[in-house]
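Each remark here refers to the structure printed beneath this line.
The values are calculated or read from the model by the stated rules, or taken from the named source; none is laboratory data. Note that the structure is a prediction, hence the values are computed from the model and not measured. Here the Cβ is made from the backbone with ideal geometry for all residues, glycine too, and neighbour counts use every protein chain on show. Note: areas computed on protein heavy atoms with side chains; ligands, DNA, RNA excluded. Shrake-Rupley method; radii C 1.70, N 1.55, O 1.52, S 1.80 Å.
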Amino acid sequence: VQGDYKGTLKFMDNYVDSQVRRGETPKKQSLELILSSCVKIKDDACTTGALERLVKYYPTPEYWQNIMYSLFRQDTDDKVLLNTFRLAADVDALKRGEEYTEMAQLAIEQGSPGEAVSTLEKAFAKNVFTEQRDKDRAQRLTDSAKTRAAADRSSMAKNESVANGLPNGDLLVQLGAAYLGFSEPDKAEAVISRGITKGNLKHVDEAHLLLGIAELRLKKMDEARKAFGKVAADSKYARLAKLWSL
(Lines give C-alpha, C1' and ligand atoms only; values in the text may rest on other atoms or scores of the structure.)
Protein backbone atom coordinates (compact mmCIF):
# COMPACT_ATOMS: atom_id res chain seq x y z
CA VAL A 1 0.00 0.00 0.00
CA GLN A 2 2.83 2.39 0.83
CA GLY A 3 4.25 1.75 -2.62
CA ASP A 4 0.95 2.88 -4.14
CA TYR A 5 1.02 6.12 -2.16
CA LYS A 6 4.65 6.71 -3.08
CA GLY A 7 3.83 6.18 -6.73
CA THR A 8 0.92 8.62 -6.50
CA LEU A 9 3.16 11.10 -4.71
CA LYS A 10 5.86 10.93 -7.36
CA PHE A 11 3.36 11.31 -10.19
CA MET A 12 1.57 14.27 -8.56
CA ASP A 13 4.84 15.97 -7.61
CA ASN A 14 5.98 15.83 -11.24
CA TYR A 15 2.56 17.03 -12.42
CA VAL A 16 2.52 20.02 -10.03
CA ASP A 17 6.14 20.89 -10.81
CA SER A 18 5.31 20.98 -14.53
CA GLN A 19 2.39 23.33 -13.83
CA VAL A 20 4.61 25.67 -11.84
CA ARG A 21 7.24 25.69 -14.60
CA ARG A 22 4.53 26.75 -17.04
CA GLY A 23 3.59 29.62 -14.75
CA GLU A 24 0.29 28.01 -13.76
CA THR A 25 -1.22 27.84 -10.29
CA PRO A 26 -1.42 24.21 -9.12
CA LYS A 27 -4.92 22.98 -8.44
CA LYS A 28 -5.90 22.76 -4.79
CA GLN A 29 -7.02 19.12 -5.19
CA SER A 30 -3.61 18.16 -6.56
CA LEU A 31 -1.79 19.72 -3.61
CA GLU A 32 -4.20 18.09 -1.16
CA LEU A 33 -3.58 14.69 -2.77
CA ILE A 34 0.17 15.21 -2.32
CA LEU A 35 -0.40 16.12 1.33
CA SER A 36 -2.58 13.07 1.87
CA SER A 37 0.05 10.79 0.33
CA CYS A 38 2.78 12.30 2.54
CA VAL A 39 0.65 11.66 5.62
CA LYS A 40 -0.12 8.08 4.55
CA ILE A 41 3.56 7.20 4.17
CA LYS A 42 4.32 8.96 7.49
CA ASP A 43 6.96 11.24 5.99
CA ASP A 44 7.14 14.36 8.19
CA ALA A 45 9.43 16.31 5.87
CA CYS A 46 7.17 15.53 2.92
CA THR A 47 4.10 16.58 4.93
CA THR A 48 5.75 19.84 5.94
CA GLY A 49 6.70 20.63 2.35
CA ALA A 50 3.20 19.81 1.12
CA LEU A 51 1.59 22.09 3.70
CA GLU A 52 3.98 24.91 2.82
CA ARG A 53 3.10 24.55 -0.83
CA LEU A 54 -0.62 24.65 0.05
CA VAL A 55 -0.32 27.89 2.05
CA LYS A 56 1.75 29.41 -0.74
CA TYR A 57 -1.10 29.06 -3.22
CA TYR A 58 -4.13 28.68 -0.93
CA PRO A 59 -3.34 30.49 2.36
CA THR A 60 -6.42 29.54 4.36
CA PRO A 61 -6.38 29.70 8.19
CA GLU A 62 -6.99 25.94 8.29
CA TYR A 63 -3.82 25.08 6.35
CA TRP A 64 -1.86 27.60 8.39
CA GLN A 65 -3.18 26.03 11.61
CA ASN A 66 -1.73 22.67 10.54
CA ILE A 67 1.66 24.27 9.95
CA MET A 68 1.57 26.24 13.20
CA TYR A 69 0.63 23.08 15.11
CA SER A 70 3.89 21.47 14.05
CA LEU A 71 5.85 24.58 15.07
CA PHE A 72 4.22 24.83 18.49
CA ARG A 73 5.10 21.18 19.19
CA GLN A 74 8.81 21.97 18.94
CA ASP A 75 10.83 22.44 22.11
CA THR A 76 12.19 25.97 21.86
CA ASP A 77 12.97 29.10 23.89
CA ASP A 78 10.56 31.93 24.72
CA LYS A 79 11.94 34.32 22.09
CA VAL A 80 11.28 31.86 19.28
CA LEU A 81 7.92 30.97 20.82
CA LEU A 82 6.76 34.61 20.81
CA ASN A 83 7.80 34.95 17.18
CA THR A 84 5.88 31.76 16.40
CA PHE A 85 2.81 33.30 18.01
CA ARG A 86 3.34 36.45 15.93
CA LEU A 87 3.15 34.44 12.73
CA ALA A 88 0.15 32.44 13.97
CA ALA A 89 -1.70 35.66 14.86
CA ASP A 90 -0.87 37.22 11.50
CA VAL A 91 -2.31 34.28 9.54
CA ASP A 92 -5.36 33.97 11.83
CA ALA A 93 -4.31 30.58 13.17
CA LEU A 94 -4.93 31.37 16.86
CA LYS A 95 -8.29 30.01 17.97
CA ARG A 96 -8.21 29.35 21.73
CA GLY A 97 -8.22 31.87 24.54
CA GLU A 98 -5.19 30.39 26.24
CA GLU A 99 -3.17 30.89 23.06
CA TYR A 100 -3.89 34.62 23.12
CA THR A 101 -3.13 34.96 26.83
CA GLU A 102 0.14 33.04 26.49
CA MET A 103 1.21 35.26 23.60
CA ALA A 104 0.30 38.37 25.59
CA GLN A 105 2.24 37.19 28.64
CA LEU A 106 5.31 36.46 26.52
CA ALA A 107 5.04 39.89 24.88
CA ILE A 108 4.94 41.60 28.29
CA GLU A 109 7.93 39.62 29.53
CA GLN A 110 9.93 40.51 26.40
CA GLY A 111 9.26 44.26 26.57
CA SER A 112 6.32 44.61 24.18
CA PRO A 113 3.25 45.42 26.32
CA GLY A 114 1.59 47.27 23.43
CA GLU A 115 1.58 43.98 21.53
CA ALA A 116 0.04 42.29 24.56
CA VAL A 117 -2.79 44.84 24.61
CA SER A 118 -3.58 44.47 20.91
CA THR A 119 -3.39 40.66 21.19
CA LEU A 120 -5.87 40.52 24.05
CA GLU A 121 -8.19 43.08 22.50
CA LYS A 122 -8.30 40.93 19.37
CA ALA A 123 -9.12 37.90 21.55
CA PHE A 124 -12.02 39.71 23.21
CA ALA A 125 -13.29 40.89 19.81
CA LYS A 126 -13.30 37.28 18.60
CA ASN A 127 -15.09 36.06 21.76
CA VAL A 128 -12.57 33.28 22.28
CA PHE A 129 -12.95 33.21 26.06
CA THR A 130 -15.81 30.87 26.95
CA GLU A 131 -15.45 30.67 30.73
CA GLN A 132 -15.95 33.71 32.97
CA ARG A 133 -12.78 32.96 34.93
CA ASP A 134 -10.81 33.05 31.67
CA LYS A 135 -12.42 36.37 30.74
CA ASP A 136 -11.55 37.80 34.16
CA ARG A 137 -7.96 36.61 33.93
CA ALA A 138 -7.59 38.03 30.44
CA GLN A 139 -9.08 41.36 31.56
CA ARG A 140 -6.62 41.59 34.47
CA LEU A 141 -3.77 40.85 32.09
CA THR A 142 -5.10 43.48 29.67
CA ASP A 143 -5.29 46.11 32.42
CA SER A 144 -1.73 45.33 33.51
CA ALA A 145 -0.48 45.45 29.92
CA LYS A 146 -2.19 48.80 29.33
CA THR A 147 -0.44 50.29 32.38
CA ARG A 148 2.94 49.02 31.19
CA ALA A 149 2.27 50.11 27.61
CA ALA A 150 1.45 53.65 28.71
CA ALA A 151 4.69 53.85 30.70
CA ASP A 152 6.70 52.42 27.80
CA ARG A 153 5.06 54.75 25.29
CA SER A 154 6.06 57.82 27.27
CA SER A 155 9.69 56.72 27.54
CA MET A 156 10.28 55.42 23.99
CA ALA A 157 12.11 58.53 22.78
CA LYS A 158 14.37 58.55 25.84
CA ASN A 159 15.11 54.83 25.53
CA GLU A 160 15.86 55.24 21.85
CA SER A 161 18.37 57.97 22.66
CA VAL A 162 20.04 55.68 25.20
CA ALA A 163 20.07 52.79 22.69
CA ASN A 164 21.77 54.98 20.08
CA GLY A 165 24.68 55.47 22.47
CA LEU A 166 25.24 51.81 23.26
CA PRO A 167 28.05 49.78 21.60
CA ASN A 168 25.59 47.18 20.26
CA GLY A 169 22.20 47.28 18.58
CA ASP A 170 20.30 44.94 20.91
CA LEU A 171 18.22 47.63 22.61
CA LEU A 172 17.39 49.25 19.27
CA VAL A 173 16.03 45.93 17.99
CA GLN A 174 14.03 45.47 21.20
CA LEU A 175 12.58 48.95 20.80
CA GLY A 176 11.75 48.10 17.19
CA ALA A 177 9.77 45.09 18.38
CA ALA A 178 7.94 47.40 20.80
CA TYR A 179 7.10 49.79 17.95
CA LEU A 180 5.67 46.82 16.04
CA GLY A 181 3.52 46.11 19.08
CA PHE A 182 2.25 49.69 18.98
CA SER A 183 1.34 49.19 15.28
CA GLU A 184 4.04 51.58 14.09
CA PRO A 185 5.95 49.51 11.52
CA ASP A 186 7.59 52.59 9.98
CA LYS A 187 9.34 53.42 13.25
CA ALA A 188 10.06 49.73 13.82
CA GLU A 189 11.76 49.44 10.45
CA ALA A 190 13.95 52.48 11.06
CA VAL A 191 15.01 51.49 14.58
CA ILE A 192 15.64 47.82 13.81
CA SER A 193 17.68 48.79 10.72
CA ARG A 194 19.86 51.02 12.90
CA GLY A 195 20.29 48.20 15.38
CA ILE A 196 21.41 45.80 12.66
CA THR A 197 23.81 48.39 11.25
CA LYS A 198 25.26 49.03 14.70
CA GLY A 199 25.95 45.30 15.00
CA ASN A 200 27.29 43.16 17.86
CA LEU A 201 23.81 41.64 18.22
CA LYS A 202 23.06 38.69 20.48
CA HIS A 203 20.10 37.66 18.31
CA VAL A 204 20.95 38.79 14.79
CA ASP A 205 18.58 36.32 13.09
CA GLU A 206 15.65 37.54 15.16
CA ALA A 207 16.57 41.11 14.18
CA HIS A 208 16.35 40.27 10.48
CA LEU A 209 13.06 38.43 11.09
CA LEU A 210 11.56 41.44 12.90
CA LEU A 211 12.80 43.78 10.18
CA GLY A 212 11.10 41.61 7.58
CA ILE A 213 7.83 41.69 9.54
CA ALA A 214 7.97 45.50 9.74
CA GLU A 215 8.63 45.79 6.01
CA LEU A 216 5.87 43.31 5.21
CA ARG A 217 3.41 45.44 7.17
CA LEU A 218 4.60 48.45 5.21
CA LYS A 219 3.86 46.50 1.99
CA LYS A 220 7.55 46.59 1.05
CA MET A 221 7.47 43.05 -0.27
CA ASP A 222 10.89 42.90 -1.93
CA GLU A 223 12.64 44.39 1.10
CA ALA A 224 10.79 42.00 3.40
CA ARG A 225 11.90 38.96 1.37
CA LYS A 226 15.50 40.20 1.50
CA ALA A 227 15.31 40.58 5.28
CA PHE A 228 13.81 37.11 5.74
CA GLY A 229 16.45 35.74 3.37
CA LYS A 230 19.22 37.00 5.67
CA VAL A 231 18.11 34.69 8.47
CA ALA A 232 20.74 31.94 8.58
CA ALA A 233 19.63 28.60 7.17
CA ASP A 234 20.78 26.80 10.33
CA SER A 235 19.13 29.32 12.67
CA LYS A 236 16.28 28.44 15.02
CA TYR A 237 14.39 31.23 13.22
CA ALA A 238 14.99 29.74 9.76
CA ARG A 239 11.62 28.03 9.29
CA LEU A 240 9.76 31.07 10.63
CA ALA A 241 11.57 33.25 8.10
CA LYS A 242 10.62 30.85 5.29
CA LEU A 243 6.98 30.85 6.36
CA TRP A 244 6.87 34.64 6.65
CA SER A 245 8.24 34.78 3.11
CA LEU A 246 5.34 32.62 1.95
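Go through K40/K226; K6/K56; K42/K220; K122/K219; K126/K146; K135/K158 and tell me which ones have a Cα-Cα distance over 27 Å in this structure. Show your work: numbers first, answer last.
Numbers: K40/K226 36 Å; K6/K56 23 Å; K42/K220 38 Å; K122/K219 22 Å; K126/K146 19 Å; K135/K158 35 Å.
Result: K40/K226; K42/K220; K135/K158 exceed 27 Å.
Using each residue's phi in the stretch 206-213, evaluate 6.51 cos²θ - 1.76 cosθ + 1.60 at θ = phi - 60° and report the 3J(HN,Hα) Karplus result to the nearest Hz, with x for Gly and Pro.
Residue by residue, the stretch 206-213 yields 5, 4, 5, 4, 5, 4, x, 5 Hz.
What ranking of Y63, Y15 comes out by heavy-atom accessible area, probe 1.4 Å, highest first?
So, going from the largest accessible area down, we get Y15, Y63.
Using a simple charge model, +1 on the beta-carbon of Lys and Arg, -1 on the beta-carbon of Asp and Glu, nothing else, what dipole does the stretch 112-246 show about its Cα centre, in debye to the nearest 20?
With only Lys, Arg, Asp and Glu charged at Cβ, the dipole is about 120 debye.
How much length would be gained if the chain were fully extended between S155 and N14, taking 0.36 nm per residue of separation minus their Cα-Cα distance, in nm to one decimal? Kindly include the intermediate steps, with their values, before the conclusion.
On the way: separation 141, 0.36 × 141 = 50.76 nm, distance 5.65 nm.
Working it through step by step, the gained length comes to 45.1 nm.
How are the alpha carbon pair distances in the stretch 90-138 distributed across 10 Å bins from zero to the largest one, expressed in percent?
Cα pair-distance distribution for the stretch 90-138, in percent: 28, 58, 14.
On the principal axes of its Cα set, how long, how wide and how thick is the stretch 101-164? Give whole Å, largest value first.
45, 17, 16
Per residue, how many Å² of accessible area does the chain show with a 1.4 Å probe?
53 Å²
If you wrap the stretch 129-168's Cα atoms in a convex hull and average its projection over all directions, what's the area in nm²?
Taking a quarter of the hull surface, the average projection is 3.9 nm².
Could you state the principal axis extents of the C-alpha atoms in the stretch 1-106, from the largest down, to the nearest angstrom?
Extents along the principal axes, in whole Å: 47, 31, 21.
Quantify, in whole percent, the carbon and sulfur part of the accessible surface of the chain (1.4 Å probe; protein heavy atoms only).
That fraction is 49 percent.
So for the chain, taking the charge dipole from beta-carbon charges (+1 Lys/Arg, -1 Asp/Glu), which of V128, T8, A207 sits furthest toward the positive end?
T8
For a quick protection proxy, order the peptides 74-80, 203-209 by their average other-Cβ count within 10 Å, most packed first. Let's see the in-between values first.
Values: 74-80: 11.9, 203-209: 22.4.
Per-residue Cβ counts within 10 Å, averaged per peptide and sorted highest first, yield 203-209, 74-80.
For the chain, how big is the tail of P(r) above 29 Å, as a whole percent of Cα pairs? Each step should come with its number before you reach the end.
Working: 11240 of 30135 pairs.
Value for the chain: 37 percent of Cα pairs lie more than 29 Å apart.
Quick one: if you take sqrt(5λ) for each eigenvalue of the C-alpha gyration tensor of the stretch 63-153, what semi-axes come out, biggest first, whole angstrom?
Working from the Cα gyration tensor, I get semi-axes of 21, 16, 11 Å.
Once phi is turned into ³J(HN,Hα) by the Karplus curve 6.51 cos²θ - 1.76 cosθ + 1.60 with θ = phi - 60°, what whole-Hz value does each residue of the stretch 231-242 show in order, with x for glycine and proline?
6, 4, 4, 9, 7, 6, 9, 4, 5, 4, 4, 4
Only helical DSSP H runs with n ≥ 4 go in: add -39500 (n - 2.57) per run for the chain, normalise by residue count and round the 222 nm mean residue ellipticity to 500 deg cm²/dmol. Walk me through the numbers before you get to the answer.
Values: 13 runs with 188 residues, N = 246.
Rounded to the nearest 500, it is -25000 deg cm²/dmol.
Starting from the Cα of Q65, step 7 Å along the direction of its Cβ; do the same at R137; then give the gap between the two resulting points in nm.
Using points 7 Å along Cα→Cβ, the separation is 2.1 nm.
With +1 assigned to the C-beta of every Lys and Arg and -1 to the C-beta of every Asp and Glu, and no other charges, what is the dipole magnitude of the chain about the Cα centre in debye, to the nearest 20?
Taking the Cα centre of the chain as origin, the dipole is about 420 debye.
For the ranges 221-227, 129-135, what's the packing order if you count other beta-carbon atoms within 10 Å of each residue, average per peptide, and put the highest first?
My ranking of the peptides, most packed first, is 221-227, 129-135.
Rank G199, G23, G212 by mean-square fluctuation in a GNM of the chain with C-alpha springs under 10 angstrom and give only the top-ranked residue.
G23
Viscosity 1.306 mPa s, temperature 10 °C: give me the Stokes-Einstein translational D for the stretch 111-246 in µm²/s, with Rh taken as the Kirkwood radius over C-alpha pairs.
100 µm²/s
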